[in-house]
Amino acid sequence: MDRISDDSIVDHIEDVFRRRGAESYLGEEVTIAQHMLQTAQCAEQAGADNSQIVAALLHDIGHYKNEIPETSLAKGVDNFHEEAGANFLEDYFPLSVVEPIRQHVAAKRYLCAVKSDYSERLSPASVHTLNLQGGPMNAEEVEEFEKNNYLEQCIQLRYWDEDGKDPERKHPPFSYYRPLIESLVKR
Ligand SMILES: [Fe+2]
């Protein structure tokens with residue numbers, strides 16, 4: 001896939017939600033689209049700013065690896081979903097959107113290290129992936145992570161990520177968030 005222009009990036013994202021959104025989300029009871037829309041809703045209900053809401057909405061887009069242009073994937077080392085998503089979105093969105101997305105797996109490892117009861121919030125599937133992702137951070141990794149300029153945003157996204165997995169929860173459609181995404185595209 002070729003690079004996507006700034007003018008068509010939001011159309012592309014909407015198209016991905018429409019065509020691929022119903023796919024199941026790695027052992028969760030919600031689809032990937034439900035999960036991302038609910039995560040955005042959690043952010044909005046918590047009074048988050050626009051960057052945080054859009055970060056929440058797009059944080060797992062990297063699961064759709066074949067919807068991401070080669071030029072973005074070529075930047076990555078192993079292209080785990082958080083890296084693939086961030087390397088794709090950084091061409092279009094500010095760091096305040098991209099950095100929490102890049103760090104949302106690291107934030108889980110961080111929170112499990114610094115909050116003894118954090119793992120109780122994780123879904124069974126997320127506990128399983130935590131182990132594959134390296135488990136809780138060690139002291140050195142925690143120290144390094146805390147230097148992030150968007151530390152607070154990274155942590156908050158992670159909380160909403162945990163909460164956006166409820167099959168019964170009603171949430172707005174993608175179209176509700178579209179103007180917000182448009183407003184943050186760097187041009
Ligand atoms: Fe997620």
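Derivation of every value follows stated rules applied to the coordinates shown; laboratory data play no part. Values in this document were obtained by computation on a predicted structure and should not be read as measured data. Please note: Cβ atoms are built from the backbone with ideal geometry, for glycine as well, and neighbour counts cover all protein chains shown.
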5 Å-binned pair-distance histogram of region 46-187 (Cα, whole percent) | 2, 10, 18, 22, 22, 16, 8, 3, 0
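At 0.36 nm per residue, minus the direct Cα-Cα distance, what do residue 140 and residue 26 gain on full extension? Give it in nm, one decimal, please. List each step's numbers first, then the result.
Details: separation 114, 0.36 × 114 = 41.04 nm, distance 2.99 nm.
Full extension of this stretch gives 38.1 nm more.
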Would you mind calculating the relative contact order of region 49-118 from Cα pairs under 8 angstrom and at least 6 residues apart, reporting the percent as a whole number?
-> 33
With each pseudo-label sitting 7 Å past Cα toward Cβ, what's the residue 180-residue 75 distance in nm, one decimal?
-> 2.3
Sequence ranges 36-46, 120-130, ranked by mean other-Cβ count within 10 angstrom, highest first = 36-46, 120-130
Selected from 158, 109, 19 as most flexible by GNM, with the chain as the system and alpha-carbon contacts under 10 Å = 19
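Tell me what the chain gives for mean residue ellipticity at 222 nm when only DSSP H runs of n ≥ 4 count, each as -39,500 (n - 2.57), the sum divided by the residue total, rounded to 500 deg cm²/dmol. Show your work: numbers first, answer last.
On the way: 11 runs with 107 residues, N = 187.
The helix contribution divided over the chain gives -16500 deg cm²/dmol.
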Taking Cα pairs under 8 Å and at least six residues apart, what relative contact order does the chain come out at, in percent?
-> 31
Taking only Cα atoms and a 10 Å spring cutoff, compute GNM fluctuations for the chain and point out the largest among 77, 54, 97.
-> 77
Rank 146, 168, 14 by mean-square fluctuation in a GNM of the chain with C-alpha springs under 10 angstrom and give only the top-ranked residue.
-> 168
